[in-house]
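Q: Quick one: structure below, then a few questions.
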Amino acid sequence: MSKGHLFVVSGPSGAGKSTICRLVRKMLNINLATSATTRKPRVGEVDGKDYYFLTIPEFEKRLANGEFLEYAKVHENYYGTLKSEVESRLANGENVILEIDVQGGLQVKEKYPDANMIFFKTPTRKELEERLRGRKTDSEETIQLRLKNSLEELKYEEKYDTSIVNYTVEKSCEELINIIKSKGEMK
């Protein structure tokens, strides 16, 4: 059995990564590794489906036990991918998408040099701000922090194999599907 392909999707908060990955996952029946985080769930998010919502002590204990493939502290919260979410699936020949921040993406690239690195961004900073505000889930302080961090995250774009400018959800889904399909037969 051949090994599955690993796709790492990163980019600033508000770039549309979650929406696009969710849609592409349904269209292609591809695994999206569920990340862990210490941030509070947003309305409608489900533990174990959208994220594994952990307390800071729980996250730090798992980190100390070597359970994370990658992790980072972003927007004052921990985010990370559990090894168990990825390694067994790849070994079973399944393709996996990781939707993670740039810090984590670069950690994964070190461990999986053949990972397919895909960077998402909005056409403009103004549109990014409009999307963050349109969520109506974050305080003004959080929005400002996310905007500040997005400028730093954009500096990492050159370290990714491919960039997708998210003009529309439909076009971005099509681009991501083409990238995934170009890597060979879907598992």
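Q: Which number in (1) outside any helix (DSSP H, G or I); (2) touching a Leu at 6+ places or on another chain (Cβ under 7 Å); (3) not hydrophobic (A, V, I, L, M, F, W, C) marks the one condition that residue 137 misses?
A: (2)
Q: Filtering the stretch 116-129 down to residues that are out of contact with any Phe, Trp or Tyr (no Cβ under 7 Å at 6 or more places or on another chain) and not basic (Lys, Arg), which residue is surrounded by the most Cβ atoms within 10 Å (Cβ to Cβ)?
A: Among them, the one singled out is 120.
Q: Then there's this: Taking the stretch 94-110 on its own, how many of its residues are touching a residue at least 24 places away in the same chain (Cβ under 8 Å) and either surrounded by fewer than 13 Cβ atoms within 10 Å (Cβ to Cβ) or among the hydrophobic types (A, V, I, L, M, F, W, C) (or both)?
A: The total comes to 7.
Q: Answer with yes or no whether residue 143 is more than 23 Å from residue 44 (Cα to Cα), among the β-branched types (Val, Ile, Thr) and either assigned to a helix (DSSP H, G or I) or in contact with a helix residue (DSSP H, G or I) (Cβ under 8 Å, 6 or more places away or on another chain) (or both).
A: Judged against the criteria, residue 143 is not a match.
Q: Among residues belonging to the stretch 14-37 that are in contact with a strand residue (DSSP E or B) (Cβ under 7 Å, 6 or more places away or on another chain) and at pLDDT below 85, point out the one that is farthest from residue 165 (Cα to Cα).
A: Among those that are in contact with a strand residue (DSSP E or B) (Cβ under 7 Å, 6 or more places away or on another chain) and at pLDDT below 85, it is 31.
Q: Here are some conditions: (1) at pLDDT 95 or above; (2) closer than 16 Å to residue 19 by Cβ; (3) out of contact with any helix residue (DSSP H, G or I) (no Cβ under 6 Å at 6 or more places or on another chain). Residue 116 meets all but one. Which one does it not meet?
A: Going through the list (1) at pLDDT 95 or above; (2) closer than 16 Å to residue 19 by Cβ; (3) out of contact with any helix residue (DSSP H, G or I) (no Cβ under 6 Å at 6 or more places or on another chain), residue 116 breaks only (2).
Q: How many residues, within the stretch 48-86, are surrounded by 13 or more Cβ atoms within 10 Å (Cβ to Cβ), farther than 23 Å from residue 177 by Cβ and either of a type outside the set (Lys, Arg) or within 18 Å of the chain's Cα centre (by Cα) (or both)?
A: 23
Q: Of all residues being free of Cβ contacts under 8 Å to residues at least 40 places away in the same chain and in a loop (DSSP other than H, G, I, E, B) in the stretch 161-185, which is farthest from residue 114 (Cα to Cα)? Just the residue, please.
A: Among those that are free of Cβ contacts under 8 Å to residues at least 40 places away in the same chain and in a loop (DSSP other than H, G, I, E, B), it is 168.
Q: Scan the stretch 73-93 for residues that are among the acidic types (Asp, Glu) and at pLDDT below 90 and jot them down. Give the steps one after another, and end with the answer.
A: Initially, the stretch 73-93 is screened for residues among the acidic types (Asp, Glu), giving 76, 85, 87.
Within the stretch 73-93, 76, 85 qualify.
The values are calculated or read from the model by the stated rules, or taken from the named source; none is laboratory data. Please read all numbers here as calculations on a predicted model, not as lab measurements. Cβ: placed from backbone, ideal geometry, glycine included. Neighbour counts: every protein chain shown.
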